[in-house]
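Working notes, structure below.
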Amino acid sequence: MLLRSVTWSLPGQVSLERLHSSPIRPRPFIPRRCRRSFFGLVILGTIALLFHLDSSSQDELLVFLKDPPKPESGQNPPSFYEWHDREKRLPQHDPDLPYPQGREGRYIRFSNQVWGLGWGNAMQEMVLNAHLAYLAKRMYAPLFNIIFALPSPGRTRICLYVFENYTWDKTSEDFSNYNGKPIPARVPLSALLSGPVAGDPFPSSVDAPPAVVPEFFNEVCPNPTIIDSTEINGGLSEPSAATTLQAWIDKLEKTEDRCVEIKEHSGQIFDLWLIGTSKRLLDIWPSLVTSPILTHISWSPLVTAALAANAPIIHPALSNATPSDFAPSSAPTPLSGLLALHIRRGDYLEHCKDFANWSTRFMGFNEFRGLPDRFLPPAVHSRGHAQPEELARYRVHCFPEIDQIVSRVRDVRASLLPTTTLRRVYMLTNGRPEWLQELKNVLQEDARMQGMDEWEHIGTSRDLQLSREQQHNLQAVDMAIAQRSEVFLGNGFSSLTSNVVMLRAAQSMDWNKTRFW
């Protein structure tokens with residue numbers, strides 16, 4: 001865009017006819033002896049300007065969407081219209097951009113992306129889909145060179161990722177319902193995440209254009225090649241993530257069309273069963289942990305604004321939080337002394353019963369080899385009918401009660417002394433306020449009885465002061481806190497915890513400070 005604006009400011013071409021018709025040769029603006037130096041300075045200045053623009057775009061994620069829109073008013077849940085419009089105004093959404101963008105670009109859209117599930121499930125699939133798109137490159141030689149057997153260095157055919165909303169309901173309406181309450185049917189991804197996965201620039205060291213929105217894909221790809229996911233996944237028997245990744249890269253390399261869309265309503269490429277099973281998921285980690293999709297992922301300015309506004313409740317170091325403070329590549333500093341607890345309540349008890357009935361293991365990334373806490377299902381599969389003692393064993397790890405929570409916190413706190421002193425607690429929770437107040441009281445009482453320092457502050461998700469938009473993105477706010485906490489005590493069966501573990505692993509946090517109930 002910058003080069004185009006410079007070109008538009010230059011004079012048009014001067015024809016020989018016009019040059020010869022001039023009776024008087026005009027005096028040059030710059031003396032001949034100075035021209036080489038002058039143009040050399042112009043070139044150097046242009047390079048410096050472009051370098052400054054490029055490097056500054058990497059210093060702060062979400063360059064274009066730096067400040068969040070003002071909160072919406074009214075009785076209905078937020079519609080996020082302005083967030084959608086801002087995404088569509090991103091500079092990469094110009095069809096006239098040269099290759100590998102614009103009308104000549106190569107794109108892949110995952111219209112089969114999961115919907116109707118929690119943010120934790122959706123986020124991990126998005127990360128893996130974006131990683132697949134990033135790796136789907138191949139060398140392309142022009143057809144003319146191939147036909148006439150001419151040498152050609154070729155060029156990399158880069159595949160641009162099409163990033164989707166987080167969708168709860170595919171209704172045409174703005175709102176849906178959850179437990180009888182109206183909620184947004186969809187949330188634009190830039191209101192949750194920042195980084196290349198959400199349309200921000202890749203780091204300058206990576207030769208890849210930014211992702212685009214579906215509306216732009218529909219404009220430049222009116223007739224894409226539709227691929228049913230079962231065409232590839234159906235031929236694989238419980239494949240690992242790395243095997244699935246390679247199978248799809250091979251498929252995309254053989255697809256000549258520059259526009260590919262994974263068929264809507266066909267199964268997910270990286271489905272819930274793969275993401276939830278460590279023996280299938282973890283072999284993708286060596287590839288994923290070095291991918292800019294993960295190394296430069298962060299939270300949206302809407303999320304970090306919530307953290308900054310609630311720093312007294314969470315941790316004082318968050319008072320000036322920005323998206324760039326959370327990208328794994330920036331090696332975020334742990335929030336010293338903060339213990340984050342993921343405590344699920346409500347209907348999660350029924351999920352825990354299902355986990356026991358089907359002898360479920362911890363979620364995929366919650367079984368990294370370096371993690372100290374393990375959970376082994378029974379040697380004999382329950383096959384839908386867990387015994388009472390097995391139900392009780394699962395419940396301790398999945399839905400602990402107050403006395404079990406306090407005991408576990410005490411043990412973890414004591415085990416990390418004297419090298420780590422925990423002083424604050426933040427609970428990621430959907431628990432009832434009165435239940436949480438009781439838990440706070442018992443935690444403080446137990447600290448006194450054990451001769452430990454009282455907690456300086458105990459905060460919860462329920463204590464945060466949030467805008468209407470932030471309230472509907474609370475899971476992202478909680479995940480950001482847990483990612484940066486010095487110690488995290490999570491729920492091994494939860495996809496939210498699994499995402500937090502993934503982010504903590506990506507920034508090489510001490511394995512002994514990521515624990516489970």
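Observations
- Among the numbered conditions (1) open to solvent by 90 Å² or more (accessible area, probe 1.4 Å); (2) acidic (Asp, Glu); (3) under 22 Å from Ser300 (Cα atoms); (4) modelled with pLDDT of 95 or more, the only one that Asp96 does not meet is (3).
- Those residues of region 454-473 which are of a type outside the set (Gly, Ala, Ser) and within 13 Å of Leu307 (Cα to Cα), in sequence order: Thr460, Asp463, Leu464, Gln465, Leu466, Gln470, Gln471, Asn473
- Taking the conditions (1) within 22 Å of the chain's Cα centre (by Cα); (2) under 18 Å from Asn121 (Cα atoms); (3) of a type outside the set (A, V, I, L, M, F, W, C) in turn, Ser266 satisfies each one other than (1).
- Subset of region 316-364 that is in a loop (DSSP other than H, G, I, E, B) and on the phi > 0 side of the Ramachandran plot - its residue that is most open to solvent (accessible area, probe 1.4 Å): Ala331
- Residues that are farther than 18 Å from Gly364 by Cα and either of a type in the set (Val, Ile, Thr) or open to solvent by less than 10 Å² (accessible area, probe 1.4 Å) (or both) are absent from region 493-508.
- Qualifying residue in region 378-393 (condition: under 25 Å from Val487 (Cβ atoms), open to solvent by less than 30 Å² (accessible area, probe 1.4 Å) and at pLDDT 95 or above): no
- Subset of region 231-259 (residues that are more than 22 Å from the chain's Cα centre (by Cα) and not in a helix (DSSP H, G or I)): Gly234, Gly235, Leu236, Ser237, Glu238, Pro239, Lys254, Thr255, Glu256, Asp257, Arg258, Cys259
- Taking the listed residues Ser237, Ser278, the one that is among the polar types (S, T, N, Q) and touching an Asp or Glu at 6+ places or on another chain (Cβ under 9 Å) is Ser278, with no other qualifying.
- Conditions (1) touching a residue at least 40 places away in the same chain (Cβ under 8 Å); (2) of a type in the set (Gly, Ala, Ser); (3) within 19 Å of Val500 (Cα to Cα); number of the one not met by Ser330: (1)
- Check on Trp248, of a type in the set (Phe, Trp, Tyr) and surrounded by fewer than 21 Cβ atoms within 10 Å (Cβ to Cβ): no
- Meets criteria (without any contact (Cβ under 8 Å) to a residue 40 or more places away in the chain, closer than 17 Å to Arg413 by Cβ, surrounded by fewer than 18 Cβ atoms within 10 Å (Cβ to Cβ) and among the basic types (Lys, Arg)) for Arg448: yes
- Among the residues of region 365-377, those that are open to solvent by less than 50 Å² (accessible area, probe 1.4 Å), part of a loop (DSSP other than H, G, I, E, B) and touching a residue at least 60 places away in the same chain (Cβ under 8 Å) comprise Phe368, Gly370, Leu371, Asp373, Phe375.
- Hits in region 417-443 - residues which are outside any loop (DSSP other than H, G, I, E, B), in contact with a strand residue (DSSP E or B) (Cβ under 7 Å, 6 or more places away or on another chain) and either under 14 Å from Asp403 (Cα atoms) or open to solvent by 10 Å² or more (accessible area, probe 1.4 Å) (or both): Arg424, Thr429, Leu436, Lys440, Leu443
The values are calculated or read from the model by the stated rules, or taken from the named source; none is laboratory data. These figures come from a predicted structure and were not determined experimentally. For neighbour counting, all protein chains shown are included, and Cβ atoms are generated from backbone atoms with ideal geometry for every residue, glycine included. Keep in mind that these areas ignore ligands, DNA and RNA; they rest on the heavy atoms of the full protein, side chains included. Shrake-Rupley method; radii C 1.70, N 1.55, O 1.52, S 1.80 Å.
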